[in-house]
């Protein structure tokens, strides 16, 4: 259980995913969740492995217990504050490839979204 | 099999509670800061200094978040400040729901400023809103100047960065200029104050910032 206590934020996120899945199952008169598609930005503090593990633990004996979490990482992208070029950040914040300015507005990478579910 | 388009923010349930908290604070014009930083960065020392400097002018309340123990709440209570300790029992951050019961212990109408000291951690406190007016981050120079690159979200979400323990700069390999440059690359609007809770260097600027923002909220403007 050590992972659970150190990764409690993924557990809270997994609970929110399960809540949403259960609501959707009810709304669509389904009985089982097969797949839950998620977008997790590279800046998000959610670790996909810990999210998947947390979800497995808390979804036991629910309509989502066999559901697969299909997680897509969303790249961290920046719009340069000087020349407005949009570029992807790999590993760590670097200078703009166009004009060498540092940083700018983050336009993607903070996502923590459910985008789609398959139910039956 | 049915495919359902969902588009739901996973943190929305927390965000909803945080918005309700914000309404509670706004109703009584209470300014709330969410103080975040590593264990040992000096969050509680900063609180002690801030309380001593401002308690004549402002009515302050404190919520202390820790995994275990009421050591911090005891420290702050000694200054005659109403303090509520929340023990998260392993959870690495406070969320909107966790602080709600603690609010009942205060007479919020009689406060000007509520400071919530989050669990010492540079990771997930950045992601969970409490309903605060501002996130204030404390980083100490002993932690190194690579922290903006390693924990970008924390720096992006914070309105203020306090760089603590600048009295130790002669003894550590850390550049405040590098911290400033990299923090601003992540967040152009972030306000940065180099401080020392030991020598009080830079703390006047911080308390002026705080007084200004509390005043603006109390004045309704």
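The values are calculated or read from the model by the stated rules, or taken from the named source; none is laboratory data. In this text, all values refer to a predicted model and were calculated from it rather than measured experimentally. Counting neighbours? That spans all protein chains shown, and the Cβs are built from the backbone with ideal geometry, glycine included.
For segment B:140-163, name all the residues that are outside any helix (DSSP H, G or I) and out of contact with any strand residue (DSSP E or B) (no Cβ under 7 Å at 6 or more places or on another chain).
Of all residues in segment B:140-163, those outside any helix (DSSP H, G or I) come to B:140, B:144-146, B:151, B:158-163.
Matches in segment B:140-163: B:144, B:145, B:146, B:151.
Please determine whether any residue of segment B:164-178 is out of contact with any strand residue (DSSP E or B) (no Cβ under 9 Å at 6 or more places or on another chain), within 14 Å of chain A (Cβ to nearest Cβ), at pLDDT 95 or above and assigned to a helix (DSSP H, G or I).
yes
Which of the residues spanning segment A:77-109 are touching a residue at least 60 places away in the same chain (Cβ under 8 Å) and either surrounded by fewer than 19 Cβ atoms within 10 Å (Cβ to Cβ) or more than 8 Å from chain B (Cβ to nearest Cβ) (or both)? Step through it out loud before you land on a result.
In the first step, residues of segment A:77-109 are kept if they are touching a residue at least 60 places away in the same chain (Cβ under 8 Å); the result is A:106, A:108-109.
Within segment A:77-109, A:108, A:109 qualify.
Select from segment B:186-206 the residues that are under 15 Å from residue B:44 (Cα atoms) and surrounded by fewer than 16 Cβ atoms within 10 Å (Cβ to Cβ) and list them in ascending order.
Passing the criteria: B:198, B:200.
Condition first: more than 13 Å from chain A (Cβ to nearest Cβ), farther than 20 Å from residue B:39 by Cβ and part of a helix (DSSP H, G or I). Can you find one or more residues in segment B:179-198 that meet it?
No, there is no match, as no residue in segment B:179-198 is more than 13 Å from chain A (Cβ to nearest Cβ), farther than 20 Å from residue B:39 by Cβ and part of a helix (DSSP H, G or I).
Residue B:80 is checked against (1) more than 11 Å from chain A (Cβ to nearest Cβ); (2) more than 21 Å from residue B:133 (Cα to Cα); (3) without any contact (Cβ under 8 Å) to a residue 60 or more places away in the chain; (4) buried (at least 18 other Cβ atoms within 10 Å of the Cβ) and fails just one. What number does that condition carry?
(4)
Being at the interface with chain B (Cβ under 9 Å from one of its Cβ atoms) and either closer than 11 Å to residue A:112 by Cβ or at pLDDT below 95 (or both) is the filter; apply it to segment A:31-40 and report the residue that is surrounded by the most Cβ atoms within 10 Å (Cβ to Cβ).
A:38
Can you pull out every residue in segment B:65-77 that is touching a helix residue (DSSP H, G or I) at 6+ places or on another chain (Cβ under 7 Å) and either free of Cβ contacts under 8 Å to residues at least 12 places away in the same chain or under 20 Å from residue B:125 (Cα atoms) (or both)?
Residues of segment B:65-77 touching a helix residue (DSSP H, G or I) at 6+ places or on another chain (Cβ under 7 Å): B:66, B:72, B:75-76.
Result: B:66, B:72.
Take the residues in segment B:42-77 that are in a loop (DSSP other than H, G, I, E, B) and modelled with pLDDT of 95 or more; name whichever of them is surrounded by the fewest Cβ atoms within 10 Å (Cβ to Cβ). Give the steps one after another, and end with the answer.
Restricting attention to segment B:42-77, the residues satisfying the condition of being in a loop (DSSP other than H, G, I, E, B) are B:42, B:55-59, B:67-70.
Okay, now just the ones that are also modelled with pLDDT of 95 or more, so B:42, B:58-59.
Numbers: B:42: 22, B:58: 19, B:59: 17.
Looking at the filtered set, the residue picked out is B:59.
Keeping to segment B:133-150, report how many residues are crowded, with 20+ Cβ neighbours inside 10 Å and more than 11 Å from the chain's Cα centre (by Cα).
Matching residues across segment B:133-150 total 7.
Within segment B:4-23, track down each residue that is without any contact (Cβ under 8 Å) to a residue 12 or more places away in the chain, in contact with a strand residue (DSSP E or B) (Cβ under 7 Å, 6 or more places away or on another chain) and surrounded by 12 or more Cβ atoms within 10 Å (Cβ to Cβ).
B:4, B:6, B:8, B:9, B:10
Before we move on, is residue A:74 modelled with pLDDT of 95 or more, in contact with a strand residue (DSSP E or B) (Cβ under 6 Å, 6 or more places away or on another chain), closer than 17 Å to residue B:7 by Cα and within 11 Å of another protein chain (Cβ to nearest Cβ)? I'd like the intermediate steps shown before the answer.
Numbers: modelled with pLDDT of 95 or more: yes; in contact with a strand residue (DSSP E or B) (Cβ under 6 Å, 6 or more places away or on another chain): yes; closer than 17 Å to residue B:7 by Cα: yes; within 11 Å of another protein chain (Cβ to nearest Cβ): no.
No, not satisfied.
Would you mention how many residues in segment A:43-62 are in contact with a strand residue (DSSP E or B) (Cβ under 6 Å, 6 or more places away or on another chain), surrounded by fewer than 21 Cβ atoms within 10 Å (Cβ to Cβ) and touching a residue at least 24 places away in the same chain (Cβ under 8 Å)?
Qualifying residue count, segment A:43-62: 1.
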